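Novice: Next up is a structure, given as structure tokens.
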Amino acid sequence: MKYSRLHVGWLTSVLAVSLGLSACPKRTPQTLVGSGSSMPPSSSRMDESAIEAGDRVQDRVQSEEPEASPLEQIYFDFDSFALSAEAEQILQMNAEWLKNNTDAKVEIEGHCDNRGTAAYNLALGAKRAKAAHDYLIGLGIPSERLSTITYGEELPVCNELNESCWQRNRRGHFQVINR
Amino acid sequence: MNLSWTKSRSSLARHVMCSSPWLSVNRAGGGPRSSAPRRRLRLGVWFGAVFLLLGCAATTWAQIRIQIPEPGGAGVPIAVSPLANPASHADRHLAETFANVVALDLDLSGLFRVISPRAHIEQPDEYELDHINFSNWSVLDALALVKGAFWLEGDRLTVEARLFDVTQRKQLGGRRYQGRLSEVRRMAHRFADQVMRYLTGEEGPFNSRIAFASNRTGGRAKEIYVTDVSGTHVRRVTRDRTLSLAPSWSPTGEKLLFISYKRGGPHPFIFDLASGRMARISARVAYTGSWSPDGRRVAVSLDQNGNSDLYLLSPRGDLLRRLTHDAGIDVSPAWSPDGTQLAFCSGRSGNPQIYVMDIDSGKTRRVTFTGGYNTDPDWSPKGDRIAYTSRAGGFRIMWIGPDGGAATEITRGEHPSWSPDGRYLVLSRRGRIFMVSRDGRSSKQLTAGGGDDTSPAWSPRLS
């Protein structure tokens with residue numbers, strides 16, 4: 001289903017409001033029996049979005065193919081989420097593509113190599129994704145077209161124990177999610 | 001589950017009376033039925049009086065020749081006999097299951113050398129509970145012996161198990177368990193814990209479980225698994241074919257808090273093991289979390305605009321308090337056993353280090369100052385040590401006092417989790433789960449599942 005701008009704007013503001021109201025008591029959590037049962041019909045768009053997001057992650061996790069994307073990846077130094085000059089150049093090129101493809105929405109993924117520990121790497125991947133996200137915002141890309149997710153060290157593209165592989169894993173990946 | 005256990009009368013008598021051959025003890029179980037005790041009684045009334053004074057002052061174990069075992073040593077030689085079934089001599093499988101579970105647990109403790117069942121001379125049914133032929137066991141060089149019996153009525157199982165000192169020819173303790181047939185393994189784990197208590201003074205950790213995340217289904221998806229400590233009964237908990245990570249136990253061992261991508265996120269979920277139900281407790285992105293010792297709160301590392309901070313939530317996901325407010329990474333909260341402090345990992349100084357926060361006041365201090373990468377803290381149930389992962393040419397498990405000071409290496413590996421008795425840890429090493437004694441001298445591999453087994457978590461004792 002293709003989202004219209006109005007759709008996306010509404011959805012984003014719902015998300016933004018709910019994040020901002022995080023201090024308020026949560027509504028009753030959903031109860032799921034196993035993973036095979038169907039979700040009860042839901043009136044909240046956020047539930048649908050959560051299911052779609054879950055499906056999208058599952059596809060990423062299950063897919064054995066290389067991560068194809070019209071946007072180029074950026075790479076990070078060990079234990080760092082700083083953007084190198086080369087990364088900034090790539091982000092500028094990616095911003096150009098996004099400006100030429102105004103319907104595209106992108107999920108920015110932060111990844112790590114496995115030389116850190118898993119929980120810390122989840123948080124580090126989030127910082128990497130956020131760094132790329134903020135730079136693209138700075139280049140004028142509307143925030144409603146961008147989302148971020150961390151995968152920590154969980155989705156490596158290679159498993160060799162050498163710097164060449166580790167470098168390839170320390171990446172920001174730009175997944176176009178609505179085509 | 002309805003387990004009740006009562007000490008057999010004889011063992012109670014033994015412990016209470018600081019028994020020795022010099023005293024006339026009403027032996028309901030164990031010990032030779034000769035006139036030797038009576039002879040000795042005539043001679044030994046004098047000695048008995050003195051011995052009572054000396055003997056009762058010392059601990060019970062000092063009077064027997066079994067030395068308190070240390071991990072990594074030769075181990076106390078112990079024989080574990082399959083249970084006898086006085087009623088029908090049937091159900092061999094049940095008889096052997098109990099013995100095998102006890103034997104495996106005792107082996108894992110690193111404190112025993114379990115004598116192979118193939119060496120046993122005596123058949124399980126060839127004995128009466130009141131008359132042990134100790135020479136059948138001393139000939140195998142056993143110093144300790146487990147023997148017992150079971151009765152089965154339909155689904156109702158009763159097990160009586162006893163621990164004997166072979167050289168001194170006497171019972172050191174015993175237990176009776178009642179429950180369902182399916183609970184035989186749990187009974188065995190409990191008894192192994194009692195054997196450790198009789199011989200070391202501290203109850204063992206085996207009536208518990210270990211949770212971990214693994215991609216052993218193939219590919220990159222990770223599911224949550226739960227196993228008994230020995231790793232022989234691994235049960236898959238999630239079936240979401242996505243990434244499920246970082247399991248953490250509730251204080252009763254009935255629920256797991258973990259991180260799942262099944263709704264994008266990742267988000268924190270709570271899984272109830274008995275019902276199989278799983279619920280997301282927050283729509284906020286989360287990285288790790290852990291339960292308070294009283295079960296009333298969970299500490300979770302939540303995302304706030306790409307930055308992670310620690311929060312206190314109720315187990316239903318109500319936000320109670322934000323704990324950290326800094327721009328650095330803050331993850332891996334670990335509660336002190338008294339529930340007043342949190343150890344956690346923070347990158348606020350520029351690289352990840354271990355910090356401790358007093359929850360009420362919020363006062364936070366840094367604990368680790370050696371090494372440039374210290375993560376994954378876990379607080380010992382004894383309260384005196386915080387174990388963590390240090391990266392220094394590979395991953396090592398270290399421990400440090402909660403007040404800081406010198407850090408001590410335990411062994412290679414990552415993601416330490418303490419046993420409920422605080423004498424052991426589980427960790428992962430090259431994709432396998434290992435159990436080590438807290439001084440690192442004893443190390444036993446628990447899993448070999450054909451995938452990457454990671455982030456093990458040792459549950460509290462099960463009720």
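Novice: Tell me which residues, restricted to segment B:107-150, are in a strand (DSSP E or B) and touching a residue at least 40 places away in the same chain (Cβ under 8 Å).
Specialist: Listed by number, the residues that qualify are B:PHE112, B:HIS131, B:ALA144, B:LEU145, B:VAL146, B:LYS147, B:GLY148, B:ALA149, B:PHE150.
Novice: Then there is this: Out of B:ARG156, B:ARG92, which single residue is of a type in the set (Lys, Arg) and either buried (at least 19 other Cβ atoms within 10 Å of the Cβ) or at pLDDT 90 or above (or both)?
Specialist: Among B:ARG156, B:ARG92, only B:ARG156 is of a type in the set (Lys, Arg) and either buried (at least 19 other Cβ atoms within 10 Å of the Cβ) or at pLDDT 90 or above (or both).
Novice: Against the definition (crowded, with 20+ Cβ neighbours inside 10 Å, facing chain A (nearest Cβ under 10 Å), touching a residue at least 12 places away in the same chain (Cβ under 8 Å) and not basic (Lys, Arg)), how does B:ASN374 come out, yes or no?
Specialist: yes
Novice: Which one is farthest from the other protein chains (Cβ to nearest Cβ), of the residues in segment A:144-156 that are touching a strand residue (DSSP E or B) at 6+ places or on another chain (Cβ under 7 Å), of a type outside the set (S, T, N, Q) and under 22 Å from A:SER63 (Cβ atoms)?
Specialist: Only one residue tops the list, namely A:LEU146.
Novice: Quick check on my filter: what residues within segment B:231-255 are modelled with pLDDT under 95 and surrounded by 21 or more Cβ atoms within 10 Å (Cβ to Cβ)?
Specialist: The one that is modelled with pLDDT under 95 and surrounded by 21 or more Cβ atoms within 10 Å (Cβ to Cβ): B:GLY231.
Novice: If I filter segment B:413-443 down to residues being of a type in the set (D, E, K, R) and away from chain A (no Cβ under 14 Å), which single residue comes out as nearest to B:GLY72 (Cα to Cα)?
Specialist: Of everything passing the filter in segment B:413-443, B:ARG441 is nearest to B:GLY72 (Cα to Cα).
Novice: Can you find even one residue in segment B:229-239 that is closer than 23 Å to A:GLN62 by Cα, out of contact with any His (no Cβ under 7 Å at 6 or more places or on another chain) and facing chain A (nearest Cβ under 10 Å)?
Specialist: Scanning segment B:229-239 turns up at least one residue that is closer than 23 Å to A:GLN62 by Cα, out of contact with any His (no Cβ under 7 Å at 6 or more places or on another chain) and facing chain A (nearest Cβ under 10 Å).
Novice: Among the residues of segment B:197-214, what is the count of those that are farther than 30 Å from A:LEU155 by Cα and within 11 Å of the chain's Cα centre (by Cα)?
Specialist: Number of matching residues: 6.
Novice: I'm trying to understand the selection: among the residues of segment A:135-158, which are in contact with a Cys (Cβ under 8 Å, 6 or more places away or on another chain) and acidic (Asp, Glu)?
Specialist: Listed by number, the list holds a single entry, A:GLU153.
Novice: Turning to a different aspect of this structure: Across segment B:391-419, what is the total count of residues that are assigned to a strand (DSSP E or B), small (Gly, Ala, Ser) and crowded, with 24+ Cβ neighbours inside 10 Å?
Specialist: Residues in segment B:391-419 being assigned to a strand (DSSP E or B), small (Gly, Ala, Ser) and crowded, with 24+ Cβ neighbours inside 10 Å: 1 in total.
Novice: Restricting to segment B:273-289, give me the number of residues that are over 15 Å from A:ALA53 (Cβ atoms) and either at the interface with chain A (Cβ under 7 Å from one of its Cβ atoms) or part of a loop (DSSP other than H, G, I, E, B) (or both).
Specialist: Of the residues in that region, 10 qualify.
Novice: Now for a separate question. Give the residue, chosen from A:GLU96, A:GLU154, A:GLU86, that is at negative phi, buried (at least 22 other Cβ atoms within 10 Å of the Cβ), of a type in the set (Asp, Glu) and at pLDDT 95 or above.
Specialist: Only one candidate qualifies: A:GLU154.
Novice: Go through the residues of segment B:169-191 one by one and say whether even a single one is in a loop (DSSP other than H, G, I, E, B), under 22 Å from B:PRO124 (Cβ atoms) and modelled with pLDDT under 95.
Specialist: Yes; the residues of segment B:169-191 include at least one that is in a loop (DSSP other than H, G, I, E, B), under 22 Å from B:PRO124 (Cβ atoms) and modelled with pLDDT under 95.
Novice: Just checking, how many residues over segment B:200-227 are surrounded by fewer than 24 Cβ atoms within 10 Å (Cβ to Cβ), out of contact with any Lys or Arg (no Cβ under 6 Å at 6 or more places or on another chain) and in contact (Cβ under 8 Å) with a residue 40 or more places away in the chain?
Specialist: The total comes to 8.
Novice: Is it the case that segment B:211-220 has a residue that's more than 8 Å from every other protein chain (Cβ to nearest Cβ), over 26 Å from B:SER346 (Cα atoms), outside any strand (DSSP E or B) and of a type in the set (Lys, Arg)?
Specialist: Yes.
Novice: Next question. Mind listing whichever residues of segment B:290-305 are surrounded by fewer than 21 Cβ atoms within 10 Å (Cβ to Cβ) and either at the interface with chain A (Cβ under 10 Å from one of its Cβ atoms) or closer than 30 Å to A:ALA82 by Cβ (or both)?
Specialist: B:GLN304, B:ASN305
Novice: Which ones in segment A:57-83 are under 13 Å from A:LEU155 (Cβ atoms), within 12 Å of chain B (Cβ to nearest Cβ) and not acidic (Asp, Glu)?
Specialist: A:VAL57, A:GLN58, A:ARG60, A:VAL61, A:GLN62, A:SER63
Novice: Another question, then. Quick one: in segment B:243-272, of everything that is within 17 Å of A:ASP55 (Cβ to Cβ), in a strand (DSSP E or B) and touching a helix residue (DSSP H, G or I) at 6+ places or on another chain (Cβ under 8 Å), which residue is nearest to the other protein chains (Cβ to nearest Cβ)?
Specialist: In this case the residue turns out to be B:GLY264.
Novice: Can you give me the number of residues within segment A:108-143 that are touching a Leu at 6+ places or on another chain (Cβ under 8 Å), of a type outside the set (A, V, I, L, M) and facing another protein chain (nearest Cβ under 10 Å)?
Specialist: Looking only at that region, the number is 3.
Novice: Something else now. Every residue in segment B:310-349 that is of a type in the set (Gly, Ala, Ser) and either surrounded by fewer than 17 Cβ atoms within 10 Å (Cβ to Cβ) or part of a strand (DSSP E or B) (or both), please.
Specialist: Within segment B:310-349, B:SER314, B:ALA327, B:SER332, B:ALA334, B:GLY339, B:ALA343, B:SER346, B:SER349 meet the criteria.
The values are calculated or read from the model by the stated rules, or taken from the named source; none is laboratory data. Here the structure is a predicted model, which means the values were calculated and not measured. Neighbour counts run over all protein chains shown; Cβ positions are idealised from the backbone, glycine included.
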